[in-house]
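Take a look at the structure set out below.
Bear in mind that the values in this text are calculations on the coordinates, not laboratory data. Note that this is a predicted model, so its numbers are computed, not measured. Cβ placement follows ideal geometry from the backbone for every residue including glycine, while neighbour counts extend to all protein chains displayed.
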Amino acid sequence: MRKPVQAKYIAPAIHALLFLAMWGLYWVSTQPLMDGPSALPFFILFIADLPISIVAFGVMFTSTANGTLAAVCWGVLGTLWWFLIGLAIDARIRRFREKHGKKAEVERPSATGTVQLAPTIPPGEVVIHSRQRE
């Protein structure tokens, strides 16, 4: 069986490609970052990496010596941030599939011809008969 595509790889890859495309369009174009062809990738990345973007642009606008370093750190930290977000998405998908993927009852024919329901509770689990949700 094929392993499904995982968000922990897709999310940072999209971030990295968007980041590289934004800077590539900026270097090719003669227009500013927020007004030229790189405006859409810039806006998406700025909102997606808001805490990192604010710090990076604060450094880029106030320090010419550390501006390039801030831009590189924005890309690297943003990609790592989206890797962690992808891990969280994968964990949530896995929990959802484990919780809702199994059938509640499985029918098995018995030797007498009647239908028995397979137990849905694994051995060793404690059954709580309560109407409250856990």
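Counting every C-alpha pair in segment 24-64, the share spaced more than 11 angstrom apart comes to 65%.
The phi torsions of segment 65-73, fed into the Karplus equation with coefficients 6.51, -1.76 and 1.60 and a -60° offset, translate into couplings of 6, 9, x, 5, 4, 5, 5, 5, 5 Hz, rounded to whole numbers, with Gly and Pro shown as x. Note on Arg92 and Thr64: their simple-model spin labels are 4.4 nm apart, each label 7 Å out from Cα toward Cβ.
Annotation: Cα Rg of segment 7-103 relative to the compact-globule expectation 2.2 N^0.38 Å equals 1.32.
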